[in-house]
Amino acid sequence: MIRLITVGLLLSLLLPGSAHPSEDFLRVMAAGNVALRLVIQPPLPASGAPDAKLADEIATIFKLDLGITGLFAMVDPAPQDKAAAVPGADADMVLKTVYTVSPASVTFEYRLQESVTGREILAKRYSAVRQDLRKTAHTFSDDILYALTGERGSFTGKLAYVSKAGGNKEIYIMDWDGFNPRKIIANGSINLNPDFSPSGKELIYTSYKNGNPDLFRRELFTGAEANVSHSPGINITGAFSPEGNRIALAMSKEGNSEIYLLTKDGKQLARLTTNPAIDISPSWSPDGRQIAFVSDRFGKPQIFVMSFDGSDQKRITTAGGYNVGPRWSPKGDKIAYCRQYGNGFQIHLINPDGSDDRQITTEGSNEHPRWSPDGRFIVYSSKRGGKESIYVMRNDGSGVTKISKSGANETHPAWSARW
Amino acid sequence: MRKNLCVALSVLSLGLLLTSGCAKDQVKPDEGIASKTAAAKASGPGQNDASQQSAAQQQSAAQQQSSAQQQATAQQQSAAAQQQAADRAAAEKAAAAKAAQQQAEEKAAAERASAAKAAQKQSDALVSALKMINFEFDSFALSQQSRDILYANAEYLLKNYKGKLKLEGHCDERGSDEYNLALGENRAKAALNYLLTLGVPASQLSIISYGKERPLDPASTEEAWAKNRRVEFKEIK
């Protein structure tokens, strides 16, 4: 069994300063306001010789995590700052890191302070084994977002995705920023459509390993696996319900592809669609009361919404000849999906009632949108020239960042809850 | 001492069992018990000598239990003789069985080889006889050309093939991979249903969809896409 998580974060100690979101900052960070100017100071050793590599690694993580939120404008910690009357006077906040390296572990002290007054906004100390040092920085980034906006970040979540790095389509897990990729499902067959349980500790996926596209559920920490659905025909595009006890799934056992509701152990609860067209790709609303899906009942694939009991089925996309892959946002206000343009796709956002349909990607071909658990970001597969890779962008289409690093075809990302 | 006797007795009784078993084999079912004994006595040397000896030995063993030591020696000799005879018979039997088995194996191997050859020939013929069919983009409708191909395939199957077939539905790379899994299945199903109407038994046919996961031609050209939108016929071995 692959060790999915190392015993890390031995100590997470709250230092003076509040972890609760401050009203002042909630106002400042509100949407539409200008970005806060942030200095990320080069991490310094508490004592002894500096470790330049470690210092650079930590600073780079903060730059990426906090930079992609779009909430901060990074101010260079320029050397002449030291000479200035008030250091960091041209910034709103300073992020300071002090580290202590011992043979067994690394201890970090992270502090976010107001630049001019030096007032501490958030401070934490972490002790971690060396391979978990990245996690300490991602955790502090999540905490900074909580302190400043009232909503925690998703940087300690994992991305599951399908990779052809080994030749076949296999399922991997990596950090949100593409580090620590690990193969978790490989069987020489085709493996598709990973989806995390709400806890992030289980994964469902479709595999041909038994000769038919069946749905499997795997516990990531124990490796225990169950063949949840193996009806004749397809058992694909499984989606965990928001509370994690049910799975919506497309199966063709009764003639053509229809959407069904199962318990997470595979017991059928209900059949939700009934028509001779293809119904596929269910996605739950965050309250579990509705399901978005794809149907070609009017000729071409379009996005529909229905109640979780199958009633009240409505088409919501009215433009575009080929719309697929809906994913409901964690806040419930938007549905991301992809529309075919020529021979490629672009990602759109639409309101669940069908209003405000707009395209948010333009470059290359972009598919398989999935939301980060905090709803700030969309992770997706993008093909720009060569192979498909995993990308992340903000939920308005800005901040496009390439994440996967293997160079192999990588698609179908899913973003887990915090690990 | 007592132990020795016990061993000897048990070897003896085993010998008795063996030899009486042999004797019984030579008796016809309609003969009485008396004639059975006679037959055993009348039959020639070898095992039946041993049988007679052992019968005598059994008697003397019963009568002379008090002088057990002498008897034990005699019994051991007798048991050894029986054992020799039994071994000889077993060896002959084993040799015959081995020869027969070898022959059977050779025959089976030859049969297997020729069966494999025939199966391969049939597979090759099947592969060259059963043409794949193609589709328009985002469609599982059977064109006239596809129907003609399926008709020819059905004719071939009805005449020449009683085994099982899998119909594999495939798509080109342009559509959504999820939707294409359902579309590929609809293509395979369309082909299946047409073959059924042409009289191919349902028990011979099954379907699977690979969506766009297994293109014949990985190129991103109209020509490759047209080739990849297909249903293929695969023998289930």
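Values in this text are rule-based calculations from the coordinates and carry no lab data. If you're wondering where the values come from, they're calculated on a predicted model, not measured in any experiment. Every residue, glycine among them, receives a Cβ derived from its backbone with ideal geometry; neighbour counts consider all protein chains shown.
If I build a Gaussian network model for chain A, linking alpha-carbon pairs within less than 10 angstrom, which residue out of A:221, A:345, A:298 has the largest mean-square fluctuation?
Comparing A:221, A:345, A:298 in a Gaussian network model of chain A, the most mobile one is A:298.
With +1 on each Lys and Arg Cβ and -1 on each Asp and Glu Cβ, and nothing else charged, work out how big the dipole of the range B:103-149 is about its Cα centre, in Debye to the nearest 20.
180
Using Stokes-Einstein with the Kirkwood hydrodynamic radius over Cα pairs, what translational diffusion coefficient do you get for the range A:250-392 at 10 °C and a viscosity of 1.306 mPa s, in µm²/s rounded to a whole number?
Approximately 102 µm²/s, per Stokes-Einstein.
Please find, in a Gaussian network model of chain A (springs between Cα atoms separated by less than 10 Å), the residue of A:229, A:115, A:389 whose mean-square fluctuation is greatest.
Maximum fluctuation in the GNM of chain A, among the listed residues, is at A:115.
In the range B:146-234, which trypsin sites (Lys or Arg not before Pro) fall in coil by DSSP and have 11 or fewer other Cβ atoms within 10 Å?
Here the trypsin sites (Lys or Arg not before Pro) that fit, given the DSSP loop and packing criteria, are B:162.
With the Cα gyration tensor of the range B:121-237 in hand, give its eigenvalues times 5 under a square root as the equivalent ellipsoid semi-axes, listed largest first in whole angstrom.
24, 14, 13
Where in the range A:353-373 does the amide nitrogen come within less than 13 Å of the point 7 Å from the Cα of residue A:341, taken along Cα to Cβ?
A:358-367
Mean projection of the alpha-carbon convex hull of the range A:146-212 over all orientations, in nm²?
5.4
List the residues whose amide H sits under 5 Å from the amide H of residue A:121, counting only those 5 or more places along or on another chain, with H placed 1.01 Å from N in the peptide plane.
When sequence neighbours closer than 5 places are left aside, the close amide H contacts are A:112, A:113, A:114.
Find the Rg to Rh ratio for chain A, where Rh is the Kirkwood radius over alpha-carbon pairs and Rg uses the same atoms.
Radius of gyration relative to Kirkwood radius: 1.00.
Find how many whole Å separate the alpha carbon centroid of the range A:317-392 from the alpha carbon centroid of the range A:198-260.
Rounded to whole Å, the Cα centres lie 23 Å apart.
Where the centroid of each part is defined by its Cα atoms, how far is the range B:116-178 from the range A:165-195 in Å?
33
Eight or more residues apart or on different chains, and alpha-carbon atoms under 18 Å: count the Lys pairs in the range B:130-236 matching that.
18
Excluding residues on the same chain fewer than 8 positions from residue A:169, give the aspartates and glutamates whose Cα lies under 16 Å from its Cα.
Partners found: A:195, A:214, A:388, A:410, B:173, B:177, B:178, B:213.
Would you please name the GluC sites (Glu not before Pro) within the range A:351-394 that are DSSP coil residues with at most 12 other C-beta atoms within 10 Å of their C-beta?
When the GluC sites (Glu not before Pro) of the range A:351-394 are filtered for loop state and at most 12 Cβ neighbours within 10 Å, A:363 remain.
At 7 Å along the Cα-to-beta-carbon direction for both residue B:234 and residue B:206, put a label point, then send me their distance in nm to one decimal.
Distance between label points: 1.1 nm.
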